[in-house]
1. Output the 0 to 90 degree angle, nearest 10, between the alpha-carbon long axis of helix B:237-252 and the longest principal axis computed from the alpha carbons of chain B.
2. Arranged by the count of other C-beta atoms within 10 angstrom, fewest first, what order do B:555, B:400 take?
3. Please give the calculated 222 nm ellipticity per residue for the protein assembly as shown, where each DSSP H segment of at least 4 residues contributes -39500 (n - 2.57) and the sum is spread over every residue; nearest 500 deg cm²/dmol?
4. Between residue B:363 and residue A:84, what is the label-to-label distance in nm when each label sits 7 Å out along the Cα-to-Cβ direction?
5. Give the order of B:132, B:67, B:97, B:437 when sorted by the count of other beta carbons within 10 angstrom, beginning with the fewest.
6. Taking every eigenvalue of the Cα gyration tensor of the stretch B:205-332, multiplying by 5 and rooting it, what semi-axes result, largest first, whole Å?
7. Determine the relative contact order of the stretch A:7-66: mean sequence separation of Cα pairs under 8 Å and six or more apart, normalised by residue count, in whole percent.
8. Please order B:131, A:126 by the number of other Cβ within 10 Å, starting at the fewest.
């Protein structure tokens, strides 16, 4: 076992999009039980440093594996189709149109209720895209198409964050 | 190693081998020290049998100090020299202290951290806190008639990096070996959860004297995972006292002009507030301007004054639930911590928000110290239930300033620690050879709205076209929640790197100077103390290394093993002498020489975990 093994190997999980969340959580806790610096608090600084490195590595992998979007992006990368979110922004026209409609709806919303309705719509879209991403990665092994689905999901997620912020503003005022 | 030190079931470790480790709740209004004795965590009393040490330090002049109750009694008579609630000023600059006009101190604006002018000169909040810690340390050493192995000190979950660093500095100044800083709500959850065998999702609502924290934790077979945390590092029961004082003074139609008046008004307000937790009405009585003033105060009026502050805590609770993406109904219990949760209004509003009765069957004053003691005992390797593990998060996002005064977040709040993350940046101008790096903490988009933690410059970047250099900035947050930042130029193969500690931390020199100046704990010879500490550290390292060799010596070749044996012998020899520096050097050599061995052991541990073997099967 090495620090630079991939996340799935580190967690002893099959390299696929579908993940048993309870099993993932269990393995994370087991790994931290082994490597957390607290386990070595009574030892010297050498063990502390090594423990810290491992604990950081385990947390990094856990953060990536537990978030379906980041997990999807990671699988694309492992399969040789990196996301390149900054350089590759080409999206299908229909998708962009939908994005614009959502943005307008959010700008026009004057109260909590319409924003929450929009939020439900966006959550639905996110769920659909995640299901599609899972099929592309696990069933069809089409990493290039999966990378495009990940880019779409990144748009949707960012918009979801904007909705959250707007709801917070309503609550604060 | 922790695993190896677990005794057989039913056997207590040899009392002489047992390491005395304590938990300290360093509170705004009072502090406690607790330890695990005979398998049970308990708070340690002082010689008079009191558990709570008021967090008050009075400087008497000529190096004399009063700490605790004696100082508290004199706070109205000698307000400038009697420092109350120093925790509120930890790691803060003068501009950060919003209510400084209402406080009876002579603040001194100094770089890094605010100072307080006393008759013994300017004292930092770190020095004041160190006095309190040293007093608790003395209490613990007297209780056990032994030196301490180390301490776990609690901080509000919402403490930022500067406040944590300041707390760590105070521990060092008080001569305590800090095993870990842990969050107060997490400590409370440990004490509560282990007592009640709880599993599932719990909320800890912690309203102390000066800080408010709300944390959501998942409890699972001895693992306490913080899911999300939030709060306000400058909101507490003291603010309710301030509101009551302002209202009562207005009713009495007298202004509080002197420091003594201000302090007397606050003392009276606190007493009235506490009386109204059980009574419907009381009298607010204080000597202001040389005359006895008295105002009728009802619980209804108190609640009207407190309501806006309690509402602010409820907004923070809602935000944490949103952050964690959990519904209120998923929370299986709400543990109340902190003296201010004795107010019926607080209990009522929190119960309403969660739709369930809050849990008040833990002593809100003691629970944090008890949890810290349990964790300290586990970290010292005494614990038999080796499964206790705290997985905490950082409460506030960390980022860097980018062009236009905007914040680029590098580590998001509620990320489990320890954590490290790197982000790449590039140069803005052709031929640029230096880059200014400004580290900030907070949730806002603009640098101006966040807390500035540190600034440093990366120099020696080889001249290149704009955008060609690749500068990797790495943030690392350790298990104490403390940040270090390094930057390095990757593009050309030329590397320059720098590691900073946030500017709020005291420099090693400053700490050395303060130690030299002497604390109430350090009337003994500093050199003798250094020698004793070096020997303890040497013994700790030797024991740990021997145990490791015994368990996993098979991982080493003969040559490697002999090298370690030689280092062990050298450190034992040094420890037998009386040269503290020689001992330190030998211990350092031992630590360096066993690093590869430690890595091998870790790898073995991981493989076992991956093979699906549970701890209890090993």
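Taken together, the values in this text are just the output of simple stated rules run on the coordinates, not laboratory data. For clarity, every value in this text was computed on a predicted model and none was experimentally measured. Using ideal geometry, Cβ is built from the backbone for each residue, glycine included, and neighbour counts are taken over all protein chains shown.
1. 20 degrees
2. Listing B:555, B:400 from fewest to most nearby Cβ atoms yields B:555, B:400.
3. Values: 21 runs with 342 residues, N = 791.
That calculation yields -14500 deg cm²/dmol at 222 nm.
4. Calculated label separation equals 6.5 nm.
5. Fewest-to-most Cβ neighbours within 10 Å comes out as B:97, B:437, B:67, B:132.
6. Output for the stretch B:205-332: semi-axes of 37, 14, 12 Å.
7. Working: 38 pairs, mean separation 23.1, N = 60.
Computed value for the stretch A:7-66: 38 percent relative contact order.
8. A:126, B:131
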